[in-house]
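Asks: Can you keep this structure in mind? I'll have questions shortly.
The values are calculated or read from the model by the stated rules, or taken from the named source; none is laboratory data. Quick caveat, the model's predicted, so the values are computed rather than measured. Counting neighbours? That spans all protein chains shown, and the Cβs are built from the backbone with ideal geometry, glycine included. Accessible surface areas use protein heavy atoms only, side chains included; no ligands, DNA or RNA. Shrake-Rupley method; radii C 1.70, N 1.55, O 1.52, S 1.80 Å.
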Amino acid sequence: MDQKILLTYASRGGSTQGVAHAIGAELVKQGLTLDIRYLLDVKDIKPYDVVIIGAPIRMGHWLSEAQQFLTVHQNVLKNKKVALFVVCMTLHEDTPENRAKVLGMMQPTLALVDSIDTGLFAGAMRPTKLKFFWRLLARITHVPEGDFRDYEIIRAWARGLASKLMPPTHL
Ligand SMILES: Cc1cc2nc3c(=O)[nH]c(=O)nc-3n(C[C@H](O)[C@H](O)[C@H](O)COP(=O)(O)O)c2cc1C
């Protein structure tokens, strides 16, 4: 029987939503079927064998609703394959140092689940998509502006993930 896959994401400015849909489309292209849902709409993850969760980083932490989702579903997730992805502006320069920084920010999250693969992606900071308060905060904390999402990198990660999720082929 096919495994049931949920891809769920949190997003405030829409860029993680774009990343989530690109990952979803690539997984489908690789032959998998899945449900894509906005994280706050997901109430029950029990029917799924695989749960892929993505969210951006804000103020040095994975988005609070995503972190809370992991905390609430932590026990159920222990019996499933889990993959995570992170979208942030630290990776607008994708260097080993910046990747290490992001993994550092993700430690409280990674401590909650056994992620079979964790995608780290540059995001987008589009001030017009943000409410005044967040726009101001982003400016004060020097979050770079622009769209740095690299869909080649995102799709390549999705292909790697698909290869881990595909049932073994019998020759
Ligand atoms: C208020 C604010 C704080 C942010 N803080 C961080 C941060 O601490 N580290 C980081 O790498 N990116 C930070 N970012 C950048 C976001 O992670 C990036 O813009 C991401 O693509 C937003 O995703 P979304 O459009 O799905 O909400 C911040 C963005 C905003 C608006």
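Asks: Would you look at the GNM of the chain, springs on alpha carbons closer than 10 Å, and say which of Gly31, Gly14, Gly146 moves the most?
Replies: Top of the fluctuation ranking is Gly31.
Asks: Let me ask something else about it. Would you mind getting me the FRET efficiency between Met166 and Lys129? Use the beta-carbon distance for r and R0 = 30 Å, nearest 0.05.
Replies: With a Förster radius of 30 Å, E is 0.25.
Asks: For the chain, what does the helix formula give at 222 nm: sum of -39500 (n - 2.57) over DSSP H segments with n ≥ 4, over the residue count, nearest 500 deg cm²/dmol?
Replies: Working: 6 runs with 67 residues, N = 171.
For the chain, the value works out to -12000 deg cm²/dmol.
Asks: Right, something else. Rounded to the nearest 10 Å², what accessible area does Ile36 have for a 1.4 Å probe in the complete protein model?
Replies: About 50 Å², ignoring ligands and nucleic acids.
Asks: Taking all protein chains together and a probe of 1.4 Å, list His61, His21 from the most accessible to the least accessible.
Replies: His61, His21
Asks: What number, in percent, do you get for the relative contact order of the chain if the mean sequence gap of Cα pairs under 8 Å and at least 6 apart is divided by its residue count?
Replies: 25
Asks: Would you mind working out the accessible area per residue for the chain, using a 1.4 Å probe, and quoting it in Å²?
Replies: 54
Asks: A further question follows. If the reach is capped at under 18 angstrom between alpha carbons, list the aspartates and glutamates near Lys129, excluding any in the same chain fewer than eight residues apart.
Replies: Partners within reach: Glu145, Asp147.
Asks: Connecting C-alpha atoms closer than 10 Å in a GNM of the chain, tell me which of Leu130, Leu120, Leu70 has the biggest fluctuation.
Replies: Leu130
Asks: Here is a further query. With a 1.4 Å probe and all protein chains kept in place, how much accessible area does Asp41 have, in Å² rounded to the nearest 10?
Replies: Surface open to solvent at Asp41 totals about 110 Å².
Asks: What percent antiparallel are the DSSP beta bridges of the chain, to the nearest 5?
Replies: Among the beta bridges of the chain, antiparallel pairing accounts for roughly 15 percent.
Asks: Moving to a separate point now. Of the accessible area of the stretch 5-165, with the probe set at 1.4 angstrom, what percent is carbon plus sulfur?
Replies: Carbon with sulfur: 55 percent of the solvent-accessible area.
Asks: Give the ranking of Met59, Met166 by solvent-accessible surface, highest area first, calculated with a 1.4 Å probe.
Replies: Details: Met59 105, Met166 70 Å².
Ranking Met59, Met166 by accessible area, largest first, yields Met59, Met166.
Asks: Using a 1.4 Å probe, how large is the accessible area of Thr118, given in Å² and rounded to the nearest 10?
Replies: 40
Asks: Can you list the HN-Hα couplings for the stretch 154-161, worked out from phi with the Karplus curve (6.51, -1.76, 1.60; θ = phi - 60°), rounded to whole Hz and with x for Gly and Pro?
Replies: 5, 5, 5, 4, 4, 5, x, 5
Asks: Per the Kirkwood treatment, what hydrodynamic radius in Å, one decimal, follows for the chain from the mean inverse distance over all distinct Cα pairs?
Replies: Over the chain, the inverse of the mean reciprocal pair distance is 16.4 Å.
Asks: Distance check, please: which entries in Lys81/Lys101; Lys29/Lys80; Lys46/Lys81; Lys46/Lys80; Lys29/Lys78; Lys4/Lys78 exceed 18 angstrom between their Cα atoms? Please report the intermediate quantities before stating the final value.
Replies: Working: Lys81/Lys101 25 Å; Lys29/Lys80 23 Å; Lys46/Lys81 12 Å; Lys46/Lys80 9 Å; Lys29/Lys78 28 Å; Lys4/Lys78 16 Å.
Long pairs (Cα-Cα over 18 Å): Lys81/Lys101; Lys29/Lys80; Lys29/Lys78.
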